[in-house]
Every structure is written in structure tokens, then in C-alpha cells.
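J.: My questions all concern the structure below.
The values are calculated or read from the model by the stated rules, or taken from the named source; none is laboratory data. Not measured: the values here are computed from a predicted model. All Cβ positions, glycine included, derive from the backbone under ideal geometry; neighbour counts span all protein chains shown. In case anyone asks, the SASA skips ligands and DNA or RNA and just uses the protein heavy atoms, side chains included. Shrake-Rupley method; radii C 1.70, N 1.55, O 1.52, S 1.80 Å.
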Amino acid sequence: MILIVDDDSAVRSSLNFMLKRAGYQVAAVSNPREAIDFVRREQADLILMDMNFSLSTTGEEGLTLLRQVKIFRPEVPVILMTAWGSIQLAVQGMRSGAFDFVTKPWNNAALLQRIETALQLAVPEDADSPLLIQDLKRSHIIGRSKGLTDVLDMVGRIARTNASVLITGESGTGKELIAEAVHANSLRARQPFVKVNLGGISQSLFESEMFGHKKGAFTDAGADRVGRFEMANKGTIFLDEIGDLDISCQVKLLRVLQDQTFEVLGDSRPRKVDVRVVSATNADLHKMVSERTFREDLFYRINLITVKLPPLRERREDIPLLARYFADRQAEVNNLPRVDFSADALAFLSRLPYPGNIRELKNLVERTILVNGKARLEASDFDAQYLRSDEIGTLPPDTVYSGMTLEEVERQTIRHALEQYKGNLSQVATALGISRAALYRRLEKYDFLKD
């Protein structure tokens, strides 16, 4: 049962017709008092609620109703409806426990998709619908630690929904692989999976890159260009490094995520698109929202579900599995004999700090194999490469745990790399196994830019 709460009879009638045609049972009321009476005596599966009623233009009546509904029926998802100009009301509603929000006039297909997603995610976790971890298409995701299996369990529960997903975690933890797993296990798996590194798109090129352009739309537009959203139609778009997106571009992204419509540069006709959005960042978006460098409404739009990846230091039992995987891949790609590891070698690898996470482990294993050319690697082989490692300068592993915090380890690691490469940031970023943008954020964090 879906409950519609709106004081506009035309809206109630339109929604009632659309939802019944989609196969849902529907009830409709016109004011907060009737809505509270309904939820106290009836069980709604979802509530579609307007934010403004005839007695209020501020949205306070809608927010009060939402909070009351959450007292009586905290488990029922609520989707808010508001005008685009009042979107901050919806943000306040999300803070108060709303599941999602849509703007009026709504897109029927997008609204039905959000309703379906809300109902799917409201199903208890022990229901039969989620995929089992062993049934997941995992691609190159290696490991069996609790931290990783918790992530894969979440992927199994959300993959077949259309929920927007935000993947967080440090650089090198495998966020792109998790995004690929969400797509590969979704109902869109046979459709495009389009990757976009937002940190690498300038403000001036954002609209052309994301939405496309027509020939002659601007000086250098010599031919039509299809944008990334159009490429991803019916499939999934992966917005990597979303925390690096310029604030002026964020509202343009919010509009297409909100309405699933966009305009190609040079063509004023709106185009519809059907995409699932998966985003990733190693930035603290909560902090960025408080600092007003990331829009709060965009934050709520992209993180209906948050998947947090643990750093490699919190899943050390996976290190031997990963090391053997990287060694086997190296042998396959370079047509080399298979390499084995001594127990001491695996123990040595398992105790390193890995500020560059999985990417750093991969670089260390591959470099040691190529340099040594041995069939069996010992701890001393990795030790020699680690001590003059491109990733960590000359910081010996025994020093790392002598009362140093992780931030102190990372600071020293970056300082050694800066010294080794004489301040060449491109070489330092490559050596550390992180993006240049991620390195720059760390340089700012540790005040190296003031040196």
C-alpha cells in the first residue's frame, strides 16, 4: 500500500492513476491530520508526501508531519515531493529521516524507479531476494576478511535495486572494483558501464564531457559529441573522485541526477536518460558539506546507500591472498614462470603499513618479482625493494610501529618520496600509487605546500 499525502486534488488524482496502473494499491489523503490518522490505524509500505500544504508555504508543516510519521512508523520509507526552488526543504527532510526526494513536476519513470528502489531496500535483510556472497560476480575482488565480506554482503543486497551508491575509502582500496561489482550483479549488467574521473575534468569542459555538444556549439566544436550520460543510458555511470568536482559544476550534475534529463550544448531540447549512479571518493564529504565546498542536496542524492571500504591495514589476513594473486597475474601477463613465497616473505608483507593500500602492495610485489627473477621469494627480497621502494622512500618497516601514528607514517612516507623525486609531483604520485589530486590533498593536509 502506497499512501499519497498532498493537498492538491489534481496531484493526488494523477499519482493515484499512475501508481494503480503500475500495479500498486493506493490510498490518498489531503492533509497532515488525515495522514497521521491513516498511519496510526493502517500499514503503509511507502508514503509519498508533499512538503507544502495550504496552511504553510515554508514547509514546516510537511517537516512536522514527517517527524510524526517517523515516530509512529519509523520503518516506512517516505519520499518527499517539492518544487525545485524549495529543494533545501527536501534536504531538511532527509536529515529528519526521509528516504528520498523528487521535484515537481516529476518524471513518471524516475518516480516509479525510486518507489521501487525504496520498497526493495525496505525488505528485511534475511529475505530471500538478496544475492549470496558466493553467488556474486566478484571479478578481481580478492579476500575473505570480515571487512571485505561485509562490503560484499552489502553489494549483494543492493545490486539489484536502482539505488544510488556512494563508495568511500582511502586511495588504492579498490573502489572501482566494487562499483564494477555493483553493476555486474545488477539488472543492468548487460548495459553500458561508463566510468568518469571527475577529478580529471575541468570546469570549462564539464558540460561538453558529461552531456555532449552539437557541432558549432562553441569555437572548437567541429563535430557532434555524445556525452557520458547518454553513453550510459539504460546502464550505470560511475562518477569517480566526485569530491574533486568543482562547486559550480555540482548543481549541473544535481539536475540530471534529480530529473534524469539533460540538455546537449547547442541543443535546447531536453533529453531523457535512464542511468544508475555509483559514485566514489576518498574525501570526507560530510566535512566538505559543512565547509560548503560540496552541496548538501547533491550529497543526499548520491548516497542513498554508502559502502565504506576498509583500508588494507584493517584486512591484513587478505594480504597473502592478494600477493599471490598479483604474482600469478604478473606471470600470466609477462609470460613468466609462476613465483612462490616463503612464509617469512608473506609475514613481512603482512606487517607493512601500506599508506597506498592495495595499489602499493601490487606495485611492491610486481617490482620485486621483476627485479629478482627468482622462483621463490624470501622476506629479504621484499625488504630490499621496500627499503628503496618508490612508494615509501627509505622508511624501514621496523620504524613504522615505534609509537608512530598512521598520519605520522603517511607524512614521513610522503616526505621521503618528495625528497627522492626532488619534488616532482607526477613522479611522487605514481610512486605512491595514488592520483595526483589525492597527493595534492595530502600535501595540503600536512602543510607541505607551505615548505
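J.: Using the Karplus equation 6.51 cos²θ - 1.76 cosθ + 1.60 (θ = phi - 60°), what ³J(HN,Hα) coupling, rounded to whole Hz, does each residue of region 24-39 give in order, writing x for Gly and Pro?
T.: For region 24-39, the Karplus-derived couplings read 9, 7, 9, 10, 9, 9, 10, 8, x, 4, 5, 5, 5, 4, 5, 5 Hz, x marking Gly and Pro.
J.: What FRET efficiency would be calculated for the residue pair Lys272, Ala189, taking the C-beta separation as r and a Förster radius of 30 Å, to the nearest 0.05?
T.: Here the calculated transfer efficiency is 0.85.
J.: Right, another one. If amide H atoms are built 1.01 Å from N in the plane of the peptide, which residues on other chains or at least 5 residues away come under 5 Å of the amide H of Ala83?
T.: Residues meeting the amide H criterion: Lys104.
J.: Quick one: which residues, 5+ away or cross-chain, put their amide H under 5 Å from the amide H of Val307? H built at 1.01 Å from N.
T.: Excluding prolines and chain starts, which carry no amide H, the hits are Leu166, Ile167, Thr168.
J.: Quick one: Karplus J couplings for region 266-272, per residue in order, coefficients 6.51, -1.76, 1.60, θ = phi - 60°, nearest Hz, x for Gly and Pro?
T.: Couplings: x, 9, 7, 6, x, 10, 8 Hz.
J.: Rounded to whole Hz and in sequence order, give me ³J(HN,Hα) for region 328-341 from the Karplus expression 6.51 cos²θ - 1.76 cosθ + 1.60, θ = phi - 60°, writing x for Gly and Pro.
T.: 3J(HN,Hα) across region 328-341, in whole Hz: 5, 5, 5, 5, 5, 5, 9, 6, 10, x, 5, 9, 10, 10.
J.: Provide the per residue accessible area, probe 1.4 Å, for the chain, rounded to a whole number of square angstrom.
T.: Working: 21120 Å² over 451 residues.
Solvent-accessible surface per residue comes out at 47 Å².
J.: Here's a follow-up. Rounded, prolate or oblate: which one fits region 1-71, using the alpha carbon gyration tensor with axes a ≥ b ≥ c (rounded when a/c is under 1.5, else prolate when a/b beats b/c, else oblate)?
T.: Working: a/c = 2.27, a/b = 1.30, b/c = 1.75.
Here region 1-71 falls in the oblate category.
J.: Right, next: Non-local amide H neighbours of Leu46 (under 5 Å, H modeled in plane, Pro and chain starts lacking H): which ones?
T.: Leu3
J.: Also, I was wondering about something else. Show that you can apply the helix-only estimate: for the chain, add -39,500 (n - 2.57) for every DSSP H stretch of four or more residues, divide by all residues, and state [θ] at 222 nm to the nearest 500.
T.: -13500 deg cm²/dmol
J.: What is the percent carbon and sulfur in the accessible area of the chain, measuring with a 1.4 Å probe over the protein chains and ignoring ligands? All intermediate terms of the calculation are to be shown ahead of the outcome.
T.: Values: 10350 of 21120 Å².
Result for the chain: 49 percent of the exposed heavy-atom area is carbon or sulfur.
J.: Which FRET efficiency value, to the nearest 0.05, is calculated for Ser350 and Ser9 with the Förster distance at 56 angstrom and r the Cβ-Cβ distance?
T.: Efficiency, rounded to the nearest 0.05: 0.25.
J.: If you count, for each residue, the other Cβ atoms within 10 Å and average over each peptide, how do 409-420, 334-345 line up from highest to lowest? Show your work: numbers first, answer last.
T.: Values: 409-420: 19.1, 334-345: 13.8.
The densest-packed peptide leads the list: 409-420, 334-345.
J.: For a quick protection proxy, order the peptides 109-116, 137-144 by their average other-Cβ count within 10 Å, most packed first.
T.: So the order, starting with the most tightly packed, is 109-116, 137-144.
J.: What FRET efficiency, computed as 1/(1 + (r/R0)^6) with R0 = 45 Å and r the Cβ-Cβ distance, is obtained for Lys104 and Glu332, rounded to the nearest 0.05?
T.: Computed FRET efficiency for Lys104 and Glu332 comes out at 0.25.
J.: For helix 247-259, report the angle its Cα long axis makes with the longest principal axis of the Cα atoms of the chain; keep it between 0 and 90° and round to the nearest 10°.
T.: Taking the Cα atoms of the chain, the angle to 247-259 is about 50 degrees.
J.: Next up: With label points built 7 Å along Cα→Cβ from the Cα atoms of Arg292 and Ser139, find their separation and express it in nm.
T.: Label at Arg292, label at Ser139, 3.8 nm between them.
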